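Take a look at the structure set out below.
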Amino acid sequence: MFDVEKIVKANAKDGYKIVDKASVSHELFFVGGKTETVRATETEETKVTVYVNNEDGTLGDSTFPVYASMDENALKVALNKALSRAKLVHNKPYALVEGGKEVVELPSNLKGLDGKDVAKQVAKAVFDAEMVKGGSINALEIFVTESKLRVRLSTGLDKTQIKRKISIEAIPTHTDEKESVELYEWYEVTSLNLEDITREISEKMRAVKDRHEAVKGTPQTIDVALRPEEIMSLVETLTDELSYGAKYMESNAYEVGDNLQEGRTGDPLTIAEKAQVEGGSDSAAFDADGTALKDRVVVKDGKAVALWGTSRYGQYIGVKPEDVTGDLGCLSVESGSLEKLDGRYLECASMSGIQVDVYNDYIGGEIRLAYLHEGDKVTPVTGISMSAKLSEVLPTLRLTNDKVVRGAFNYEGPSRMLLKNVQIV
């Protein structure tokens, strides 16, 4: 095989980036509890980006894939076409990331384990879950993957990152003589813990039974408790508005110094963008540009205090290359003061996806399953949606004083967030 970088380097005089991705995956598929497919897959992908300094002072770029079927001549043809296309692009110039050579392996106890054997253990752990009467796993897909990302730049940077993870896609189902109800579960972790997997699926089996037996919710105004998945979605939407890219494109809803909890009467909201959380599948040491990732608190006690994002857009708004955070994929939320949830409230257990619109001051979404807490009485409800003004729930929200880590959502923080006075329809 010819040396791709040697050819690119000889022709892309103004700069280049080569990104190699490779993965090995062991996969198991079940339908109705029976093995449907067993397979192992290997994938490799290389993409080259070339840069051109245009005469007008702008920077052009163009990206093309390198296929395994290419010979040296085919690569040169694709390279020359990319260089020609790059001259038609006129971006604001920015410096490529500097750095030397580095190989990083993200923490995982999967290292050295046979992927096929791990997949079998995971399948057993899933089917060992407590199957309530009428319950079953209608479909199950398991992926045990080792992936490698290598980024090479014309600056001399050459970084490799190795990650391992387990992905589980399951359809817990509850059936009686009248109907069948399903819930969707996507569970992704970077370490093998069979007890956690069994517990997670058992909880979903109880949840799907509860959804089947749930009563239709009634319109009302009530406090709503969110779990980590929805908390993550909410705070991620807020911090997206504080990215370098949003600031540069003038599409940001928030500026540094803005108070997101104006008139706060609840717990202060503090959010940090992070490179890694325990078990997080999006944990990383560097991003696709080769930028070494740096944690950054972006919201402190309800106020926007910093921006974050990629090197390119950071430079565009005046951030020094050595100070940019990189493209961070995990979030940490500081715990609050709420010792426990009590009284009358609605706890969301399954949503179609929480909707947060900072521009239209809205938070809401369809609730597939929730638990109505009234003292010691707990009633599963379904067939409802929630709706509130974001500007009203942010200042009054409460956070539990515990701290959990949910690698499946790349989240660490309180286990519950209580939103006050939410409309249920």
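The values are calculated or read from the model by the stated rules, or taken from the named source; none is laboratory data. In this text the structure is predicted, and so the values were computed from the model without any measurement. Here the Cβ positions follow ideal geometry from the backbone for every residue, glycine too, while neighbour counts run over all protein chains shown.
Could you tell me which of the residues Ala214, Ala207 is under 22 Å from Gly279 (Cβ atoms), touching a Ser or Thr at 6+ places or on another chain (Cβ under 8 Å) and among the small types (Gly, Ala, Ser)? Spell out the reasoning first.
On the way: Ala214 fails: under 22 Å from Gly279 (Cβ atoms).
That would be Ala207, the only listed residue that is under 22 Å from Gly279 (Cβ atoms), touching a Ser or Thr at 6+ places or on another chain (Cβ under 8 Å) and among the small types (Gly, Ala, Ser).
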*Which pairs have Cβ atoms under 6 Å, sit 6 or more apart or on different chains, and link a residue in the stretch 77-104 that is under 26 Å from Ile317 (Cα atoms) to one that is among the charged types (D, E, K, R) and modelled with pLDDT of 95 or more?*
Ala86/Asp61; Val89/Asp61; Tyr94/Arg312; Val97/Asp289
*Sort through Val122, Val189 and tell me the only one that's surrounded by 15 or more Cβ atoms within 10 Å (Cβ to Cβ), at pLDDT 95 or above and aliphatic (A, V, I, L, M).*
Val122
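Where in the stretch 282-390 are there strands (runs of 3 or more DSSP E), lying fully within it, with 2 or more residues that are more than 30 Å from Lys148 (Cβ to Cβ) and assigned by TED's automatic domain parsing to the domain that holds Ala272?
Numbers: elements: 296-300, 330-333, 344-351, 355-357, 362-374, 377-382, 384-388.
Strands (runs of 3 or more DSSP E) meeting the threshold: 296-300.
Return the only residue of Thr43, Thr58, Thr35 being assigned by TED's automatic domain parsing to the domain that holds Thr173, of a type outside the set (Phe, Trp, Tyr) and within 28 Å of the chain's Cα centre (by Cα). Walk me through how you get there before you give the answer.
On the way: Thr58 fails: within 28 Å of the chain's Cα centre (by Cα); Thr35 fails: within 28 Å of the chain's Cα centre (by Cα).
Within the list Thr43, Thr58, Thr35, the selection yields Thr43.
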_Residue that is farthest from the chain's Cα centre (by Cα), among those in the stretch 89-104 that are loosely packed, with under 14 Cβ neighbours inside 10 Å and either assigned to a strand (DSSP E or B) or β-branched (Val, Ile, Thr) (or both)_ = Lys101
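Every residue, every condition in (1) in contact with a Cys (Cβ under 9 Å, 6 or more places away or on another chain); (2) surrounded by fewer than 21 Cβ atoms within 10 Å (Cβ to Cβ); (3) more than 18 Å from Asn360 (Cβ to Cβ), yes or no:
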{"position": "Met205", "(1), (2), (3)": "no, no, yes"}
{"position": "Lys216", "(1), (2), (3)": "no, yes, yes"}
{"position": "Gln220", "(1), (2), (3)": "no, yes, yes"}
{"position": "Glu236", "(1), (2), (3)": "no, yes, no"}
{"position": "Gly245", "(1), (2), (3)": "no, yes, yes"}
{"position": "Met249", "(1), (2), (3)": "no, yes, yes"}
{"position": "Ala253", "(1), (2), (3)": "no, yes, no"}
{"position": "Gly263", "(1), (2), (3)": "no, yes, yes"}
*Give me a count of the residues in the stretch 35-60 that are surrounded by 12 or more Cβ atoms within 10 Å (Cβ to Cβ) and small (Gly, Ala, Ser).*
2
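Within the stretch 133-179, can you find the residues that are in contact with a Ser or Thr (Cβ under 6 Å, 6 or more places away or on another chain) and modelled with pLDDT under 95?
Of the stretch 133-179, the ones in contact with a Ser or Thr (Cβ under 6 Å, 6 or more places away or on another chain) are 134, 136, 138, 143, 145, 147, 150, 163-165, 173.
Once the filter is applied, which keeps residues that are in contact with a Ser or Thr (Cβ under 6 Å, 6 or more places away or on another chain) and modelled with pLDDT under 95, the stretch 133-179 yields Gly134, Ser136, Asn138, Thr173.
Results for (1) in a loop (DSSP other than H, G, I, E, B); (2) farther than 30 Å from Val126 by Cα; (3) modelled with pLDDT under 95; (4) not charged (D, E, K, R), shown as yes or no for each residue.
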{"position": "Glu27", "(1), (2), (3), (4)": "no, no, no, no"}
{"position": "Thr46", "(1), (2), (3), (4)": "no, yes, no, yes"}
{"position": "Ala68", "(1), (2), (3), (4)": "yes, yes, yes, yes"}
{"position": "Ala78", "(1), (2), (3), (4)": "no, yes, no, yes"}
*Going through the stretch 159-187 one residue at a time, which ones are over 19 Å from Ser202 (Cβ atoms) and assigned to a loop (DSSP other than H, G, I, E, B)?*
Asp176, Glu177, Lys178, Glu179
*Which number in (1) in contact (Cβ under 8 Å) with a residue 24 or more places away in the chain; (2) within 19 Å of the chain's Cα centre (by Cα) marks the one condition that Ser352 misses?*
(1)
*Could you check how many residues of the stretch 113-146 are charged (D, E, K, R), more than 18 Å from Thr173 (Cα to Cα) and outside any loop (DSSP other than H, G, I, E, B)?*
4
*Residue ID - surrounded by the most Cβ atoms within 10 Å (Cβ to Cβ), chosen from residues in the stretch 370-405 that are out of contact with any Ser or Thr (no Cβ under 9 Å at 6 or more places or on another chain) and among the basic types (Lys, Arg)*: Lys389
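Pick out the one residue from Ser154, Ser108 that is of a type in the set (Ser, Thr, Tyr), out of contact with any Phe, Trp or Tyr (no Cβ under 7 Å at 6 or more places or on another chain), more than 30 Å from Ser385 (Cβ to Cβ) and crowded, with 16+ Cβ neighbours inside 10 Å. Before you say what the answer is, go through the steps one by one.
Values: Ser154 fails: out of contact with any Phe, Trp or Tyr (no Cβ under 7 Å at 6 or more places or on another chain).
Every option except Ser108 fails the conditions.
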